[in-house]
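To start, the structure itself, in structure tokens.
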Amino acid sequence: MEVLFARHGNTFAPGDKVVWVGRETDLPLVDKGLVQAAAAAEALRRTGLIPDAVYAASLRRTRRFAEIIADSLGLAAPVIDPRLDEIDYGRWAGRTNDEIASDGPDAEAAMVAWGGRDVWPAEVGWATTWAEVEAAVTAFSTQCLALAGHRRPLVVSSNGILRFLPRVLLAGQAQPDSFKMRTGHLGIIDCQDGEACLRCWDVAPADLA
């Protein structure tokens, strides 16, 4: 099985104030985000990586991104699974990096550690807990990936959740410090005979091979 991953496209247009957005804010894709979805679909078509199922979070940005890919490739409508919904960033939601850093050195250090090493920040007021995310993505990986009999599923989610999913599939293996993924980018994990291998991560559609 080849598991394909995609992060939804942009939700901020040029000139917009860029803030932290989690599951608590259901933003739509902006024009660039729609273009990114079309580019992801074309990359999958060009490389022959046509999914046999598409899963997406329930938020508009992920759902629409997945719908564009499915429609472009002539696939069935995405299966919407709220377990893929983004983290709720609580007190950080709706704030810029600079605004969060103004809370003090501990907040700034927590933001840097999460951004570069996927270190879950303690005591910063996120409304979602590590245990909740881990349980949700583990259940999704078991029920929808390991046991569903797919050959090549595509999972469309957000940056926070996409940092957890590969760690579940690659448990027990050496892993990069961060599974951060940029908007509209892609990743692939190969699974065979009970073993998983990271093929690529955070790859622009134009660079997918």
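The values are calculated or read from the model by the stated rules, or taken from the named source; none is laboratory data. The model shown is predicted, which means the values in this text are computed figures rather than measured ones. No Cβ is skipped: glycine too gets one built from the backbone with ideal geometry, and neighbour counts run over all protein chains shown. Ligands, DNA and RNA are excluded from the accessible area calculation, which covers all protein heavy atoms including side chains. Shrake-Rupley method; radii C 1.70, N 1.55, O 1.52, S 1.80 Å.
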With R₀ set to 30 angstrom, the calculated FRET efficiency between the beta-carbons of ASP71 and PHE12, to the nearest 0.05, is 0.80
Post the alpha-carbon centroid distance, segment 108-131 to segment 43-74, in whole angstrom. 29 Å
Quick one, which of (i) 47; (ii) 51; (iii) 60 is the actual percent of Cα pairs over 21 Å apart calculated for this model? (ii)
Please determine, in degrees from 0 to 90 and to the nearest 10, the orientation of helix 60-73 with respect to the longest principal axis defined by the Cα atoms of the chain, where the helix direction is its Cα long axis. 20 degrees
Counting only backbone N atoms under 20 Å from a point 7 Å out along Cα-to-Cβ of VAL112, the residues of segment 7-44 in range are 20
Assuming 0.36 nm per residue, please report the length gained on full extension of the stretch ARG151 to ALA204 beyond their Cα-Cα distance. 16.8 nm
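Would segment 116-156 count as rounded, prolate or oblate if I go by the C-alpha gyration tensor, calling it rounded below 1.5 in a/c and otherwise prolate when a/b exceeds b/c, oblate otherwise?
prolate
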Summing +1 for each Lys or Arg and -1 for each Asp or Glu, what net charge is found among the other residues whose Cβ lies under 14 Å from the Cβ of PRO205? +2
Added length on full extension, which subtracts the Cα-Cα distance from 0.36 nm per residue, VAL119 to ASP26: 31.0 nm
Return the calculated 222 nm mean residue ellipticity for the chain, to the nearest 500 deg cm²/dmol, obtained by summing -39500 (n - 2.57) across DSSP H runs with n ≥ 4 and dividing by the residue count. -9500 deg cm²/dmol
With r defined as the distance between the Cβ atoms of THR142 and ARG95 and R0 fixed at 22 Å, what FRET efficiency is calculated, to the nearest 0.05? 0.05
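By the gyration tensor of its Cα atoms, with a ≥ b ≥ c the square roots of the eigenvalues, what is the shape of segment 47-119: rounded for a/c under 1.5, prolate for a/b over b/c, or oblate?
prolate
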Under the rule a/c < 1.5 gives rounded, and otherwise a/b versus b/c splits prolate from oblate, where does segment 58-167 land using the Cα gyration tensor? prolate
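Roughly how many percent of the accessible protein surface of segment 35-96 is carbon and sulfur, given a 1.4 Å probe and a whole-percent answer?
53 percent
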Within segment 1-72, list the trypsin sites (Lys or Arg not before Pro) lying in a DSSP loop whose Cβ has at most 14 other Cβ atoms in a 10 Å radius. LYS17
The chain: relative contact order in percent, alpha carbon pairs under 8 Å with at least 6 residues between: 31 percent
How far, in degrees from 0 to 90, does helix 105-117 lean away from the longest principal axis of the Cα atoms of the chain, to the nearest 10? 10 degrees
Using DSSP, restrict attention to beta bridges with both residues in the chain and report what percent are antiparallel, rounded to the nearest 5. 50 percent
At R0 = 25 Å, how high is the FRET efficiency between GLU195 and ALA135 if r is their beta carbon distance? Nearest 0.05 is fine. 0.60
